[in-house]
Amino acid sequence: MSEMLDVETMVREDPAAAAAAFARGLAGLAPGGFSEADLIDVLGELETLKCAAESAQAAATRGVYAAACARQEAAGVRGARVGRGIGHQVALARRESPSRGSAHLGLAREVAALPHLAALWAQGRVSERKVSLILGRIVWLSADDRRGVDAQLAGDPEKAERLVQMNEWQARGAAEALACAADPAGAVRRRAR
């Protein structure tokens, strides 16, 4: 337990150093000394770590957005110009294209309003891709309807477990069905485009 507290303290005090230390430690993984069952466990735990790290990236992205917007406003930037270029900063940090950086920024901002899905992601129980596919099916809804779909998908432990067990396409389909039920007229208009 003391090791867990040390890791938690390290993450709280210097998250960049903690992430670098984890990456260095994982680079030395040598599977030769482990059984097949042990390696299956390693795969599962690494997937949890990866998903939790993606969620942490989203939280950091929201922090960058807030800080950059505040800096821009303090410098006299106004209106629609506030926030410009932040997706590019995210892209550089994540070593991805500017369009992917903007997509990560949008995902990070949107998921913050969905407490159940965001919590599952932070726990490493769902992947960034699953979160993105779900959001892609509900983003057109009103904020209240998106929160309603979030509660219906993962609002209690049983629902959350069902969502975790779904593959990405099942989760996407479930989100789409709930979105259509939440706003049938909007769904018809959306499909007519």
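The values are calculated or read from the model by the stated rules, or taken from the named source; none is laboratory data. All values derive from a computational prediction rather than experimental measurement. Reconstructed Cβ throughout: ideal geometry from the backbone, glycine too, with neighbour counts over all protein chains shown. Side chains included, ligands, DNA and RNA excluded: accessible areas come from the protein's heavy atoms. Shrake-Rupley method; radii C 1.70, N 1.55, O 1.52, S 1.80 Å.
Shown for the chain is the translational diffusion coefficient from the Stokes-Einstein equation, using the Kirkwood radius over Cα pairs, a temperature of 25 °C and a viscosity of 0.890 mPa s: 131 µm²/s. With all protein chains in place and a 1.4 Å probe, the accessible surface of region 125-172 carries 47 percent carbon and sulfur.
What number do you get for region 95-193 when its Cα radius of gyration is normalised by 2.2 N^0.38 Å, N = residues? Mind showing how you got there, number by number?
Numbers: Rg = 13.3 Å, N = 99, 2.2 N^0.38 = 12.6 Å.
It is 1.05.
At a Förster distance of 45 Å, what's the computed FRET efficiency of residue 181 paired with residue 100, Cβ-Cβ distance as r, to 0.05?
Working: r = 32 Å, r/R0 = 0.70.
After rounding to 0.05, the efficiency reads 0.90.
Atom-type composition of the exposed protein surface of region 1-72 places 65 percent of the accessible area on carbon and sulfur (1.4 angstrom probe).
What order do you get for 39-45, 110-116 when each peptide is scored by the mean count of other beta carbon atoms within 10 Å, highest first?
110-116, 39-45
Modelled this way, with points 7 Å down the Cα-to-C-beta line, the labels at residue 67 and residue 82 are 1.9 nm from one another.
For the residues 27, 118, 182, a GNM of the chain with alpha-carbon springs under 10 Å puts the largest fluctuation on 27.
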